[in-house]
Each structure stands twice: as structure tokens, then as C-alpha cells.
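The values are calculated or read from the model by the stated rules, or taken from the named source; none is laboratory data. These numbers were taken from a predicted model, which means no experiment stands behind them. Cβ coordinates were reconstructed from backbone atoms using ideal geometry, including for glycine residues, and neighbour counts include every protein chain displayed.
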Amino acid sequence: MEIRTLTCIGCPMGCQIEVGMDGEVICSVSGNSCMKGDIYARKEVTNPTRIVTTTVRVEGSVSGAQTVSCKTRSDVPKGKIFDCVRDVAAVSVHAPVHIGDVVKANIAGTGVDMIATKDVP
């Protein structure tokens, strides 16, 4: 049996979790102090995902801002992170931009939208 050790990011505790695996089958999860740890560990070893954060160019801002921070609305497969960043690199939006505005729909074919995380007048 293979043991994979993870640092949990499910809550602020940062538990050291050990996941026992027999091939692709999870046999045990230990070291977590809450249920979020168990859920995180099982997902991380079978289908790791991440929120992608970046910036997008803004045109026509009255404040002079040249970029707006953004993130994926939900997590995307870990293997698609660089595809997402490449996909959004060519994007520019026109001001005004509001928190939650979609700056790129269906980023890298993931079905997840990239949204603005701040207002730019």
C-alpha cells in the first residue's frame, strides 16, 4: 500500500494527512481533525483542482487602472491551470468592470468562467 502525505488546505488547521492507496483505490485517510480534511484528501489524490487567479487588461478606465484582478468562479482541474492562464492572456475588457463580471466565459474549455474580483471605474 502506498501512503501519500498531504498538508490540508480545507481549513486553517493545516493538518498533515496520510492517505493510504492501493493503486487508484483509497484505503484509508488519517491525520485530519475535521471532515473537510477527509474530503480534501480524497479529492486531492483522485481529482486535484484549483482556483486560478490572475489579472486581465482593462481599457478606458477613468481611474487609470490598466488591469483588473480576476479568478475562476470555481475550481478547475489542476492540469488545466496553464491552459487557463494562456487563454486569458489575450483578453482585455472595457471599463467599467464590476466585481463578479465575467471577463472570459468557459476558460480553456473547462466550463468555468473567469470573473473580476474588484471594481474598476
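Below, the figures for the structure above:
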read-out	value
Residue tally, condition in contact with a strand residue (DSSP E or B) (Cβ under 7 Å, 6 or more places away or on another chain), surrounded by 16 or more Cβ atoms within 10 Å (Cβ to Cβ) and assigned to a helix (DSSP H, G or I), over the range 34-86	7
Residue that is surrounded by the fewest Cβ atoms within 10 Å (Cβ to Cβ), among those in the range 87-112 that are part of a helix (DSSP H, G or I) and not hydrophobic (A, V, I, L, M, F, W, C)	G109
Only one of G10, G23 that is modelled with pLDDT under 95 and surrounded by 14 or more Cβ atoms within 10 Å (Cβ to Cβ)	G10
Scope the range 76-121; condition within 12 Å of T54 (Cβ to Cβ) and acidic (D, E); matching residues	D87
From I17, I39, residue being more than 30 Å from A105 (Cβ to Cβ) and of a type outside the set (G, A, S)	I17
